[in-house]
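Have a look at the structure below before the remarks.
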There are 2 protein chains.
Amino acid sequence: MNDPNPAVQTDHIGLEILSGAECDSLLASNQIGRMAFVADGDVVIFPVNYRYINHTIVFRTADGTKLEVAANHRPVAFEIDGYDTDAKTGWSVLVKGIARYVMEDEEEAELAELDLRPWAPLTRVRRWVRISPEEITGRKIV
Amino acid sequence: MNDPNPAVQTDHIGLEILSGAECDSLLASNQIGRMAFVADGDVVIFPVNYRYINHTIVFRTADGTKLEVAANHRPVAFEIDGYDTDAKTGWSVLVKGIARYVMEDEEEAELAELDLRPWAPLTRVRRWVRISPEEITGRKIV
């Protein structure tokens, strides 16, 4: 079969596979994502207001489930997506990695300089979590 | 302490807890969500173009990971969210449930009448998946 654009790779259902550079660019230019992980045997998903810094995902949180999973160095998934509902097109980037609670004073001071304010009341959302990606993949509907 | 609006319940970090009716309404009025589940030991998240029908979430997919998890009657999480980045407000609804592959001819015929076209090439995305919620929760940043 003739492929009109042989440089574009597609997956098993015909979605365009985004390059690593495209995924990186989308992670850097967005600020709302979702983290999923297993808590007490259930899969859960939470939205987070994040920044992409030095190829890691950072966000702020409070004590609780999200923080606990992060503190435990457990595997998580992180996803961002975007859509044009009129054109019926969209893209998504999926990150698999390990979340961890930022504990070192120096690193926390560095993060505090970011313009990253959680939308929840700041007095209760003081902790930093960082996800270090182990795999980043992206798809686009063309 | 005086609560300015005692009818509104908040969670441990001060987010407003949405009622079941509010979650239902948000599920019915949105069409893009994300499903997360465990595949080969990893947590994964995929966006889906869904409809909320008879208190269940339905979407179309192709053979592959999403379908396999559905066919296996395994627990999944499904999430929708929305934001006003200027006002720094947002909401999210999290559904925990069991996904299953729709196999009965009659049920499939009923679903086929929905205006639910996946954005990926339809020839490869022919199967229906239905998530039956076991728990629905929602939060709002106020």
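The table below gives the values:
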| read-out | value |
| --- | --- |
| Residue check for B:LEU26: more than 7 Å from chain A (Cβ to nearest Cβ) and not acidic (Asp, Glu) | yes |
| Looking only at segment B:40-85, and only at residues there that are under 18 Å from B:GLY138 (Cβ atoms) and modelled with pLDDT under 90, the one that is surrounded by the fewest Cβ atoms within 10 Å (Cβ to Cβ) | B:ASP84 |
| Of all residues making up segment B:9-22, the number that are away from every other protein chain (no Cβ under 14 Å) and either modelled with pLDDT under 80 or surrounded by 10 or more Cβ atoms within 10 Å (Cβ to Cβ) (or both) | 4 |
| Check on B:SER92, small (Gly, Ala, Ser), at pLDDT 90 or above and open to solvent by 40 Å² or more (accessible area, probe 1.4 Å) | no |
| Any hit, segment B:119-142, residues being open to solvent by 60 Å² or more (accessible area, probe 1.4 Å), modelled with pLDDT of 75 or more and part of a loop (DSSP other than H, G, I, E, B) | no |
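The values are calculated or read from the model by the stated rules, or taken from the named source; none is laboratory data. Note that this is a predicted model, so its numbers are computed, not measured. Cβ coordinates were reconstructed from backbone atoms using ideal geometry, including for glycine residues, and neighbour counts include every protein chain displayed. Ligands, DNA and RNA are stripped out before the accessible areas are found, and what is left, the full protein with its side chains, is counted by its heavy atoms. Shrake-Rupley method; radii C 1.70, N 1.55, O 1.52, S 1.80 Å.
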